[in-house]
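Report on the following structure.
Only the coordinates and a few stated rules stand behind these numbers; no lab work does. Note that the coordinates shown come from a computational prediction; the quantities given were computed from them, not determined experimentally. Because the Cβ atoms are built from the backbone with ideal geometry, glycine has one as well, and the counts that use them run over all protein chains shown.
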C-alpha cells in the first residue's frame with residue numbers, strides 16, 4: 001500500500017506537494033484560558049445568546065469528524081469536512097490539476113459542479129456521455145477507462161447514483177476503474193444519494209485502492225442542505241494535503257453543532273425511517289407516472305428523484321407549476337431535451353404531482 005500512497009501523492013500538483021498552507025489561530029496546539037491570539041471580540045454579539053459564535057471555529061471540528069467517521073465506517077484521519085461536496089470537488093481539482101494539462105473526466109448528463117470546477121481551474125474537460133442501453137442511462141466504464149488513459153485525466157468523477165439519470169454503478173465496476181487507472185488518476189465516487197441505493201458504500205474499497213476517494217453529504221438523506229456539511233473520504237495522506245489547501249475555517253460552529261445532533265442515534269433512526277419512506281414513494285410515483293399518457297419514459301432510480309421524459313416537457317412543467325409544484329427542468333442537459341427531474345417528496349406532495357399531470361391530460 002505504501003507504493004500506492006506514494007503514487008497518489010504524486011498526482012498532487014508538484015508545486016503543492018510541499019505546500020504548507022495557512023496556519024490559523026485555531027490550528028495551534030497551544031492552549032490557555034484567555035484567548036488573545038485571533039483578534040476576536042471579547043464580548044458576544046447581542047444576537048448570540050450563548051456567545052458560541054464569538055470565536056473562530058475549529059478547522060475540522062473533532063466531535064463532528066468523529067461522528068462522521070462512525071457514520072461512514074472509516075477513520076477520522078480519512079475525512080475532510082467542508083462546505084458541502086462542492087468544496088471538496090473544487091479542492092480536488094485545484095490541488096491535483098495543473099491548468100491546461102491535467103484533465104477532469106465527467107459523464108454527462110451529470111452534476112454540473114465537476115465541469116464548473118474544471119473550467120475555473122483551466123483543466124481540460126473530458127466528457128464520456130452516459131449511454132441509453134434500454135435499461136437506463138448508464139456509465140460506459142470501458143469508455144471511461146479508455147478516455148482517461150488516452151486524454152490524460154488526472155481526476156475521474158463517477159456519480160453513483162448518477163444525478164439526474166438515477167442509475168448506479170456496482171462496486172465491482174468501480175473497483176475495476178480504480179485498478180485500471182492506478183498511478184494515473186484519482187477516481188472520485190460521488191455518493192450524495194447512496195443512502196437511497198440500498199448498497200454498500202465505495203468506502204469499503206478504500207483500503208485496497210489508494211487512488212479512490214468518496215464524496216458524502218448530509219444534504220440529502222439527513223435533511224441538512226442548509227448546513228452545508230460535505231465530506232471527502234480518502235487516504236489520510238491525501239486528506240492532509242487537501243487540508244493545507246483548504247480555507248482556514250470551513251465549518252461554522254452552529255452548522256457543526258447541528259450536524260452532531262443530527263448524527264445521534266435517535267435522529268439517525270428517524271432518518272432511516274424517512275429514507276425507507278422515500279424508497280417506497282419512489283416506486284409508487286414511478287408506477288403512477290408510467291400510467292399517464294404523454295409520458296415517454298420514467299427511468300428507474302437509485303436516488304431520491306425520477307428522471308422523466310415527456311411528449312411535451314414544457315406543457316408538463318407548466319401544469320406542475322400551476323399546481324404549485326416546482327421540478328428541475330433538464331432540457332438544457334445533453335440527451336435530455338424532453339426531460340424533467342422530479343424529486344421524491346412526501347406522500348402528499350407526490351399525490352399533487354400525479355394529480356397535476358393527470359389534470360393536464362383531462363384538460364387536453
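The simple spin-label model puts a point 7 Å past each Cα toward its Cβ; for residue 23 and residue 151 those points are separated by 4.3 nm. Kindly work out what percent of the DSSP beta bridges joining two residues of the chain are antiparallel, to the nearest 5. Bridges in the chain that DSSP calls antiparallel: roughly 60 percent. Once the chain from residue 45 to residue 346 is taken as fully extended at 0.36 nm per residue, the excess over their C-alpha distance is 104.5 nm. Report the calculated FRET efficiency for residue 6 and residue 38 (r = Cβ-Cβ distance, R0 = 30 Å), to the nearest 0.05. So the FRET efficiency works out to roughly 0.25. What angle, in degrees between 0 and 90 and rounded to the nearest 10, separates the Cα long axis of helix 265-290 from the longest principal axis of the Cα atoms of the chain? Between helix and principal axis, roughly 30 degrees. Of interest is the spacing of the C-alpha centroids, which for region 116-145 and region 216-252 amounts to 24 Å.
Determine the distance separating the Cα centre of region 53-115 from the Cα centre of region 304-361; give it in Å without decimals. After rounding, the separation between the Cα centres reads 31 Å.
Going by the alpha-carbon gyration tensor, a ≥ b ≥ c the square roots of its eigenvalues, is region 267-363 rounded (a/c under 1.5) or, if a/c is not under 1.5, prolate (a/b greater than b/c) versus oblate? Don't skip to the answer; put the middle values down first.
Numbers: a/c = 1.98, a/b = 1.54, b/c = 1.28.
Here region 267-363 falls in the prolate category.
When the chain is treated as a Gaussian network with alpha carbon springs shorter than 10 Å, the biggest mean-square fluctuation among 85, 219, 23 belongs to 23.
Using a Förster distance of 30 Å, how high is the FRET efficiency between residue 172 and residue 132, based on the Cβ-Cβ distance and rounded to 0.05? Don't skip to the answer; put the middle values down first.
Values: r = 22 Å, r/R0 = 0.74.
So, using R0 = 30 Å, E works out to roughly 0.85.
According to the square roots a ≥ b ≥ c of the eigenvalues of the Cα gyration tensor, what is the shape class of region 1-137, taking rounded for a/c under 1.5, prolate for a/b larger than b/c otherwise, and oblate for the remainder? In terms of gyration-tensor shape, prolate. Label-to-label distance for residue 30 and residue 244 is 2.2 nm, based on points extended 7 Å past Cα in the beta-carbon direction. For the chain, the 222 nm mean residue ellipticity estimated from helices alone, with every DSSP H stretch of n ≥ 4 adding -39500 (n - 2.57) and the total spread over all residues, rounds to -11500 deg cm²/dmol.
Residue separation times 0.36 nm, minus the C-alpha to C-alpha distance between residue 331 and residue 266: what's the value?
Working: separation 65, 0.36 × 65 = 23.40 nm, distance 4.06 nm.
In short, 19.3 nm is gained.
The Cα atoms of region 84-213 give a gyration tensor whose axes a ≥ b ≥ c have a/c under 1.5, which makes the shape rounded.
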